[in-house]
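The structure under discussion appears below in the form of structure tokens.
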Amino acid sequence: MPTPYDRCIALWYWKGDPSSETTLEGLANAIKRDMPAVTALIVKTSDGSQWQAAYDPAQSISITGADRVDAWVAALAAHGLDFHAWAVPKGLDITAEAQKIIAVCTRPGVKSMILSVQPYAGFWQGGKTQIRPLMTAIRAAIPADFHIGLSVDPRPQHYAAIFADEWLPFVQSIHPQVYWETFQQTPEIALEEAFNTWTKANRSIFPVLQASPNIESMRRARTISIRNYKAQGLSWWRFGALKVAQWPIINLGIDEVEPPPSGEPGRYGREILVRPDGPGYQDGSYDDKSSETLFKSSTDVQNMPFKYKVAGNVSSAVWARWNPQLAESGWYEISVFVPSPHSSTANARYKIAGAQNQQAEIEVTVAQCRYFDLWVSLGVYYFEASDPVAGVVILNDLTGEASKEIVFSAVRWREVLGSPPKSQYLADGFDAPIGIATDRRSSTVWPGQWIDATGYAIRYRIGTPQEAYHTGADLNLNAPYFDADAHSPVYAAASGIVTYVGRVMGWGNLIIVRHDPLIADGQVVYARYAHVESIRVALGQRVTRGEQIANVGNADGVYPYHLHFDISPTKILDSQPGHWPLLDLTNLLTNYADPRLFIAQHRPTP
């Protein structure tokens, strides 16, 4: 569903105290001069039953009433900027608060109203019972299609505290305040909490990002929002507090990709599209029934046909196959289009055939429910055109969910050109994840005086509730003094993609890397780097062997300083980052390899 925030880069305007601009013309001109990528301003109009000017009396441009809203709209429009309003409802005087909000929502040129609802003093105090009377009065007095958003503290404990389910019937979008520094989190963790908590609201999500003195964290937050969570617009808190050094990040439009740090940028070449009504597409059923009786058909926003059906809970009924019939070998990015209707599954399992050095199909899970009329990348792979199944994508309807729907839509292959060598997405071998560079290149797996304090498949913590078989190595350095490994660098053992960054109870901070297929035999493994601190990588980021990804930590004092490092030849860490088999030795031996032996057997090629 389109919203007024699609493709939008917005700034929040609270009050004039931190800003040197004292006229609307000067403010609008300053934004377009310094931050031309900004397309909108979100201006506070009321607080409870008072206009915002009551809290900013010295500012001649504060909102004193509906006529001042008109002046704001005109001044911003003259510089190509949209006016969005925000208000803080309190639930103490329903009639007066509704009147203020209605007066703003009915002014010409106002694009939306965002209600800031927080579980703190000075915000909503009306409890659960006052929400529907307020929102019913507002909705009855404004146009039916007028957009209202909800801005929230996105941490999971606050969902119930603001009675979120009572607000949701009246709003069309969520604007989570992802203030990672305020929360003392990384951008990765703050965004993960925000989207995990609020995706269940089934509303469009537009993150509000913190203008931080740490420019790198701002860059990561923006990139993760757009690339990982597919945000179609975002905003920054706030105008008046922004510094010159932050402008380059603010000035990136929603479609702009930051250039790589060095080397020739990649580019796309030929494009192949296979639609469910065209050449290269096949589908069928597993029980000889006509697939046409099992599928339903519709068209998406691009007028492309797609098929859908209720997902299989315990077995598959249908399959679909897309064949690009590649004419030339090379690197290709594969993407699937996910239309907004009927895409409610969280577990669509696409299989990719014929990727270089892969003996089996690669499975990529897509939560279709998270995407609305978007192309979703399944990754970049190298294919040999002589392979008859090169690039073939297969999908069946088994998701393990009851009453969800799965869509079968268009698939796109885009040739990736540029300077990347073919070996970029292959791993030439593994090093230890700790130690200085010369030691990591030596024949000894654990470098220098580093030791494995626990060992693989060793039973430990005997006689305690935590008794378990250990899944990998506990890498310690206690010479020349105890905890000599504290804050030491942690390195990627091989090249790959970061599939998880976050905190897990009992583990502290975790990084999981899906390491690239080994040149020698095509094997793919996942590695877990646990108890770390000072994380340097983001979800979805590509890392290379020997690249620092974090520092050795102690899980905030829970353990002595050390790095827990394990390697899994299965996908268990993809779905369960904190997986721990306890005393199930068969489970451990199935899902984990001896990391010391694995590295010794897969050293980098000279």
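Ranking request for peptides 498-509, 483-494, 296-307: highest mean number of other beta-carbon atoms within 10 Å first, then the rest in descending order.
Ranking the peptides 498-509, 483-494, 296-307 by packing returns 483-494, 498-509, 296-307.
Where does each of 336-346, 154-164 land if you order them by average Cβ count within 10 Å, highest first?
The densest-packed peptide leads the list: 336-346, 154-164.
How far, in nm, would the chain grow between Gln50 and Ser534 when pulled straight, counting 0.36 nm per residue and subtracting the alpha carbon separation?
169.8 nm
Which far-off residues, 5 or more places away or on another chain, put their amide H under 5 Å from the one on Asn347, with H placed in the peptide plane?
Excluding prolines and chain starts, which carry no amide H, the hits are Gln368.
Just name one of Ser235, Ser340, Ala103: the one whose Cα is farthest towards the positive end of the charge dipole of the chain (beta-carbon charges, Lys/Arg +1, Asp/Glu -1).
My answer, from the dipole projection, is Ala103.
Please report the relative contact order for the range 87-228, taking Cα pairs under 8 Å with a sequence separation of at least 6, and give it as a percent rounded to a whole number.
Rounded, it is 20 percent for the range 87-228.
Relative to the present Cα-Cα distance, how much length would full extension add between Asp287 and Arg461 at 0.36 nm per residue of separation?
Value of the extension gain: 57.5 nm.
Would you compute, from DSSP H runs of 4+ residues alone, the mean residue ellipticity of the chain at 222 nm, taking -39500 (n - 2.57) per run and dividing by the full residue count, rounded to the nearest 500?
-4500 deg cm²/dmol
Using a 7 Å offset from the Cα along the Cα-to-Cβ direction at both Arg132 and Ala402, what is the distance between the two label points in nm, to one decimal?
2.8
Can you work out the accessible area per residue across the chain, with the rest of the protein chains kept in place, probe 1.4 Å, in square angstrom?
42
Carbon and sulfur together cover what percent of the accessible area of the range 279-393 at a 1.4 Å probe radius?
48
Work out from phi, with θ = phi - 60° and the Karplus expression 6.51 cos²θ - 1.76 cosθ + 1.60, the ³J(HN,Hα) of each residue of the range 437-449, listed in order in whole Hz, and give x for Gly and Pro.
4, 5, 5, 5, 8, 7, 6, 7, 5, 8, x, x, 9
Return the carbon/sulfur percentage of the accessible area of the range 140-232, one whole number, probe 1.4 Å, all protein chains in place.
Carbon-and-sulfur percentage of accessible area, whole number: 48.
For the range 396-512, what D do you get in µm² per second when you plug the Kirkwood radius from alpha-carbon pairs into Stokes-Einstein at 4 °C and 1.567 mPa s?
Diffusion coefficient, whole number: 68 µm²/s.
What does the highest-first list of 229-237, 40-48, 320-328 look like by mean Cβ count within 10 Å?
Packing proxy ranking, top to bottom: 40-48, 229-237, 320-328.
Using just the C-alpha positions of the chain as equal point scatterers, what log10 of I(q)/I(0) does the Debye formula give at each q in 0.07, 0.09, 0.11 1/Å?
Log-scaled intensity ratios, in q order: -0.52, -0.85, -1.18.
The values are calculated or read from the model by the stated rules, or taken from the named source; none is laboratory data. In this text, all values refer to a predicted model and were calculated from it rather than measured experimentally. Every residue, glycine among them, receives a Cβ derived from its backbone with ideal geometry; neighbour counts consider all protein chains shown. Each accessible area value is taken on the protein alone, full model and side chains, heavy atoms only, with ligands, DNA and RNA left out. Shrake-Rupley method; radii C 1.70, N 1.55, O 1.52, S 1.80 Å.
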